[in-house]
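Novice: Let me give you the structure first, and then I'll get to my questions.
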Amino acid sequence: MLTFQQLISITQGREIQFVQPQPVIHLLTDSRKLSQPAGTVFFAIHGKYNDGHKYLPQLYSRGVRQFVVEKGSADELRQQYPEANIILVPDSLKALQQVAAWHRAQFQLPVIGITGSNGKTIVKEWLAQLLSPEELVVKSPRSYNSQLGVPLSVWQINPNHTLGIFEAGISQAGEMEQLQQIIRPTYGIFTNIGSAHDEGFVSREQKVAEKLKLFKDVELLFYCADQQLLHEAVQRQGIKSFTWARMQPADVTITATTTAGSKTIIFYTYQGEQQQLAIPFADEASVENALHCLAVLLYRQLPVAAIQERLGRLHPVAMRLEMKEAINGCYLIDDTYNNDLAGLSIALDLQANQPQHGQRTLILSDLLESGLPEKNLYLQVAELVQAHDVQRLIGIGPTISKYSHLFSASEEFYTSTSDFLKAFNPARFRNEVILVKGARVFAFEKIVQAFQQKVHGTVLEVNLDALLHNLNYYRAKLAPGTKLMVMVKAFAYGSGSFEVANLLQFHRVDYLAVAYADEGVLLREQGITLPVMVMNPSPDSFAKLQQYSLEPEIYALEQLQAFVLSLEAEATYKIHLKLDTGMHRLGFVREDFDTLFSLLQQYPQVQVVSAFSHLAGADEALHNDFSQQQIATFTSMAADVETRLGYSVTKHILNSAGIVRFPEHQLDMVRLGIGLYGVEATGAEQEALRPVSTLKTTVSQVKSIKQGDTIGYSRKGIADAAKTIATIAIGYADGYDRRFSNGVGHVLIDGQRCHVIGNVCMDMCMVDVTGLEVKAGDEVVVFGPQLTLLELAQSIGTIPYELLTNVSTRVKRVFYAE
Ligand SMILES: *Cc1c(COP(=O)(O)O)cnc(C)c1O
């Protein structure tokens with residue numbers, strides 16, 4: 001086993017302090033993911049958005065005693081962490097990579113490295129499944145393929161594994177060499193080369209060359225020889241290969257593929273023999289991914305019958321962890337994707353980040369193929385379960401049942417999924433987050449179904465990773481020390497208040513703001529403890545504000561009067577003063593100041609924590625002078641506020657557009673709104689943000705219409721020729737604006753634009769699908785990354801804010817992390 005002392009020579013770091021010998025068991029880079037302090041080494045990585053060094057005190061107090069740091073004075077480190085072993089290195093990420101590379105070098109096992117623009121994760125998951133009858137496979141969890149993810153993946157190799165499958169992803173030149181040294185693949189798969197991350201490279205050729213560095217020492221590279229750029233580069237470099245192709249000469253020649261329903265039949269020639277196989281997918285990407293796998297299986301000389309049998313059992317790979325609303329106010333994290341320890345740990349992390357619900361329940365099957373001795377495996381599972389504060393464990397399967405004594409959570413065990421379902425009583429699950437995680441053979445989808453609410457087919461999918469990306473994007477613009485308030489009013493711009501608030505709390509923003517007291521109360525009831533400003537508190541809500549420690553915006557004298565009258569004597573109360581500098585909506589003007597401050601003087605228990613104003617035209621350059629004038633007025637009014645109060649307050653004026661356009665006026669805090677949700681209000685930096693929400697519905701019925709027929713209410717839709725139309729399950733009651741009627745709006749079905757025909761109805765509308773293959777049940781995208789809110793808003797003369805916040809609460813929200 002690796003020891004701390006060895007780390008010094010592996011990383012060539014400087015020993016700052018060595019207190020006692022310790023084993024190196026867990027590599028930690030994210031302080032929130034600590035599960036077992038003993039044996040953990042924390043690598044303090046200084047990233048673009050965050051600095052791991054900030055979390056040293058917290059980790060030390062939680063018992064971590066081994067640190068790799070890249071900055072700090074030796075004396076201070078020793079003083080602050082007297083019991084910790086500490087190494088100083090020039091670059092902590094590099095050090096982590098060196099440790100992983102060292103670990104890899106301890107093993108002789110064959111390793112398949114996978115890179116390419118698309119399909120890496122699916123090919124990896126499928127190959128692991130296809131080869132598992134003979135091999136004990138260790139693989140990257142989910143899509144851990146980055147500079148950080150690869151070392152953590154490789155660290156999982158243990159002596160029982162017989163094959164490693166790891167993916168490598170890069171976004172710029174220079175990165176692959178690092179990953180090659182860590183993975184050291186003996187075989188390679190290059191899935192394909194596309195446009196992803198083009199911006200990080202001078203040319204496509206350079207990108208191919210860079211990616212090929214992963215394979216510099218492989219015995220054999222698998223790829224599709226029809227990929228011309230790739231094919232030429234491989235030949236030029238003389239890498240030994242095993243290819244498949246449709247057009248080029250190759251080891252495996254694909255002579256035809258035909259789809260039959262949801263299957264594809266593949267005809268191929270290998271070693272002079274004609275064969276055919278069926279795979280249970282019809283889309284092109286899946287066929288390509290399956291062909292990569294087929295090439296590997298043929299090379300390994302698996303009999304055709306075995307190949308056929310195994311390919312037939314492939315499942316689609318869920319690329320993301322989804323959190324869905326379920327019965328009795330529960331949320332369900334459906335993760336039947338990775339059935340290994342690393343996957344369990346990732347899913348438990350997501351669950352642990354959802355503190356709004358009372359209880360955490362884990363439904364877990366036997367873990368198959370871990371490569372660890374059983375007892376040891378379930379000890380580790382028990383450790384993870386405990387570290388993530390799971391309150392109820394439901395174990396399903398003979399093996400996990402056998403080790404029931406290792407678990408201390410409230411627990412129950414069943415030998416099979418059907419035993420669990422027989423005993424299933426929905427009333428026992430209420431307001432909790434339930435993680436469902438089981439190996440395929442346990443068919444946990446039946447459990448997921450039992451928990452799922454029945455709702456109509458319209459959902460708003462909220463991408464939590466995109467939210468985080470956008471948050472970090474704005475954060476990176478802030479000067480050190482500038483605080484961040486995030487607006488979660490109007491159900492977090494339609495995206496679901498507490499799920500969003502929760503993510504923001506987890507990622508440590510400073511403040512939240514809502515419009516009404518009730519919204520704040522809801523957040524508190526669901527476990528949000530951040531300070532919350534309420535922008536429009538009505539007098540009848542003042543008692544509630546105090547009860548739930550919500551902080552009112554005070555914008556008028558009468559309102560302040562009513563507020564102070566409602567106060568209980570002893571406590572102190574925080575308020576925010578809104579100043580009107582030209583928006584002319586809410587706020588005090590200078591003429592109010594005498595009365596305002598004499599009133600405040602009488603109530604010293606009322607503490608003004610911030611003074612703020614709002615820009616009327618921050619998004620448009622047209623209003624630059626006006627904005628500058630507002631900022632100047634605000635600065636002077638706020639100075640007056642501070643003088644009269646005799647203490648300083650937090651000053652803030654910028655909204656999302658302001659953060660982009662007036663970076664020099666961040667003052668003490670900024671208020672982020674629409675930008676978090678993926679819309680860059682000035683338009684100048686839209687590319688840098690990621691779309692957060694996708695509104696989806698389904699096709700209810702498809703029909704043929706004769707020329708001259710009319711469609712829908714008031715017979716507004718007129719078929720100028722014979723048409724095929726689809727009725728889709730969304731209407732103005734769901735938030736699909738009636739102004740989209742009669743050809744103004746369009747939706748995407750299978751990526752194709754289909755225009756609205758006739759008037760939008762309350763719960764449905766009709767779209768023109770003439771010439772397309774559309775059937776009932778097909779998915780319809782109303783807005784999303786391929787059909788932007790901005791475009792839709794412009795087509796009906798409104799703004800993205802309105803479309804987002806109009807999505808009705810009857811539309812189910814599904815939250816996911818990629
Ligand atoms: C809604 C709101 C914001 C956020 O505005 P965006 O344009 O969404 O960034 C900021 N300040 C106040 C007072 C608001 O009401």
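Novice: When you check residue 465 against the structure, is it farther than 30 Å from residue 731 by Cβ, of a type in the set (D, E, K, R), at pLDDT below 90 and outside the structural domain of residue 697 (by TED's automatic domain parsing), yes or no?
Specialist: Yes: the conditions hold for residue 465.
Novice: Turning to a different aspect of this structure: Being modelled with pLDDT of 95 or more, crowded, with 18+ Cβ neighbours inside 10 Å, among the polar types (S, T, N, Q) and part of a strand (DSSP E or B): is that true of residue 269 here?
Specialist: It is false that residue 269 is modelled with pLDDT of 95 or more, crowded, with 18+ Cβ neighbours inside 10 Å, among the polar types (S, T, N, Q) and part of a strand (DSSP E or B).
Novice: Assuming residue 515 fulfils every condition listed in (1) crowded, with 23+ Cβ neighbours inside 10 Å; (2) aliphatic (A, V, I, L, M); (3) within 13 Å of the ligand (Cβ to nearest atom) apart from one, which condition is it?
Specialist: Only one criterion in (1) crowded, with 23+ Cβ neighbours inside 10 Å; (2) aliphatic (A, V, I, L, M); (3) within 13 Å of the ligand (Cβ to nearest atom) is unmet by residue 515, namely (1).
Novice: When the range 461-486 is examined, which residues are found to be closer than 30 Å to residue 780 by Cα and among the hydrophobic types (A, V, I, L, M, F, W, C)?
Specialist: Once the filter is applied, which keeps residues that are closer than 30 Å to residue 780 by Cα and among the hydrophobic types (A, V, I, L, M, F, W, C), the range 461-486 yields 462, 464, 466, 467, 468, 471.
Novice: Does any residue of the range 595-603 turn out to be within 16 Å of the ligand (Cβ to nearest atom), assigned to a loop (DSSP other than H, G, I, E, B) and in contact with a helix residue (DSSP H, G or I) (Cβ under 7 Å, 6 or more places away or on another chain)?
Specialist: No; the residues of the range 595-603 include none that is within 16 Å of the ligand (Cβ to nearest atom), assigned to a loop (DSSP other than H, G, I, E, B) and in contact with a helix residue (DSSP H, G or I) (Cβ under 7 Å, 6 or more places away or on another chain).
Novice: Quick check on this structure: which one of 533, 583 is in a loop (DSSP other than H, G, I, E, B) and either more than 16 Å from the ligand (Cβ to nearest atom) or in the same structural domain as residue 662 (by TED's automatic domain parsing) (or both)?
Specialist: The match here is 583.
Novice: Could you list, in sequence order, the residues of the range 655-680 that are within 8 Å of the ligand (Cβ to nearest atom) and in a loop (DSSP other than H, G, I, E, B)?
Specialist: Scanning the range 655-680 gives 655, 673.
Novice: If the Cβ limit is 6 Å and pairs must be 6+ apart or interchain, which residue in the range 642-654 that is in contact (Cβ under 8 Å) with a residue 24 or more places away in the chain and among the β-branched types (Val, Ile, Thr) pairs with which residue that is surrounded by 14 or more Cβ atoms within 10 Å (Cβ to Cβ) and in a loop (DSSP other than H, G, I, E, B)?
Specialist: 650/668; 653/613
Novice: I'd like the residue in the range 791-818 that is within 14 Å of the ligand (Cβ to nearest atom) and under 24 Å from the mean Cα position of the chain (by Cα) and, out of all such residues, is surrounded by the fewest Cβ atoms within 10 Å (Cβ to Cβ).
Specialist: Of everything passing the filter in the range 791-818, 805 is surrounded by the fewest Cβ atoms within 10 Å (Cβ to Cβ).
Novice: Can you spot a residue in the range 617-625 that is under 20 Å from residue 470 (Cα atoms), at pLDDT 95 or above, under 31 Å from the mean Cα position of the chain (by Cα) and more than 11 Å from the ligand (Cβ to nearest atom)?
Specialist: no
Novice: Please determine, by comparing only the residues of the range 681-691 that are buried (at least 18 other Cβ atoms within 10 Å of the Cβ) and within 13 Å of the ligand (Cβ to nearest atom), which one is nearest to the chain's Cα centre (by Cα).
Specialist: Per the stated criteria, the residue is 689.
Novice: Residues that are modelled with pLDDT under 90 and surrounded by fewer than 17 Cβ atoms within 10 Å (Cβ to Cβ): find the strands (runs of 3 or more DSSP E) completely inside the range 339-435 holding 1 or more of those.
Specialist: 359-365, 410-414
Novice: Something else now. Considering the range 112-134 alone, what residues qualify as being of a type in the set (S, T, N, Q), in a loop (DSSP other than H, G, I, E, B) and over 13 Å from residue 167 (Cα atoms)?
Specialist: The answer is 132, and nothing else.
Novice: What are the pairs with Cβ atoms under 6 angstrom where one residue, in the range 685-714, is in contact (Cβ under 8 Å) with a residue 24 or more places away in the chain and the other, located anywhere, is surrounded by 15 or more Cβ atoms within 10 Å (Cβ to Cβ) and among the acidic types (Asp, Glu)? Sequence gap at least six, or different chains.
Specialist: Sorted first by the residue in the range 685-714, then by its partner, the pairs are 686/680; 689/680; 694/461; 699/778.
Novice: In the range 50-66, is there at least one residue being under 23 Å from residue 153 (Cβ atoms) and aromatic (Phe, Trp, Tyr)?
Specialist: Checked against the condition, which is being under 23 Å from residue 153 (Cβ atoms) and aromatic (Phe, Trp, Tyr), the range 50-66 yields at least one hit.
Novice: While we're looking at this one, here's another question. Kindly provide the set of residues from the range 58-111 that are assigned to a helix (DSSP H, G or I) and of a type in the set (S, T, N, Q), ordered by number.
Specialist: Passing the criteria: 58, 61, 79, 80, 92, 97, 98.
Novice: Filter the range 626-654 down to residues that are assigned to a helix (DSSP H, G or I) and more than 26 Å from residue 594 (Cβ to Cβ) and give me whichever is farthest from the ligand (Cβ to nearest atom).
Specialist: 628
The values are calculated or read from the model by the stated rules, or taken from the named source; none is laboratory data. Quantities reported herein were computed from a predicted structural model and do not represent experimental measurements. Neighbour counts run over all protein chains shown; Cβ positions are idealised from the backbone, glycine included.
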